[in-house]
Amino acid sequence: MSKKRFIAGAVCPACQQQDTLRWWLENEVEKVECVACHHTDTRLPKSVEDSKHVAGSTSEQVIGIFKPE
């Protein structure tokens, strides 16, 4: 399992608490969890997002992730 990292300045869409979201990769799938209310979201790899087999409602539930480079 990869290291879980907090997303600075991010606000949980469920409980509206700031700085409670942590992010990690699990089997090449991005996971986000709020440590305050345990709300979770996932983001599929770009190759899967571009696929026509993914339901349209999936993209509405994804939290954007800032990746400093």
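Each reported figure results from applying straightforward, stated rules to the coordinates on display, with no laboratory input. These figures come from a predicted structure and were not determined experimentally. Counting neighbours? That spans all protein chains shown, and the Cβs are built from the backbone with ideal geometry, glycine included.
Summary of values
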item: Cα pair distances in segment 1-42, grouped into 10 Å bins until the bin that holds the longest one, percent each; result: 35, 53, 12
item: Calculated from backbone phi, Karplus (6.51, -1.76, 1.60) coupling profile of segment 12-27 in Hz, x at Gly/Pro; result: 5, x, 8, 10, 6, 7, 9, 6, 10, 8, 10, 10, 7, 9, 9, 6
item: HN-Hα J in Hz across segment 33-44 - Karplus 6.51, -1.76, 1.60, θ = phi - 60°, x for Gly and Pro; result: 9, 8, 6, 7, 10, 6, 5, 10, 9, 10, 10, 6
item: Neighbour net charge for E30 - beta-carbon separation under 9 angstrom, K R +1, D E -1; result: -1
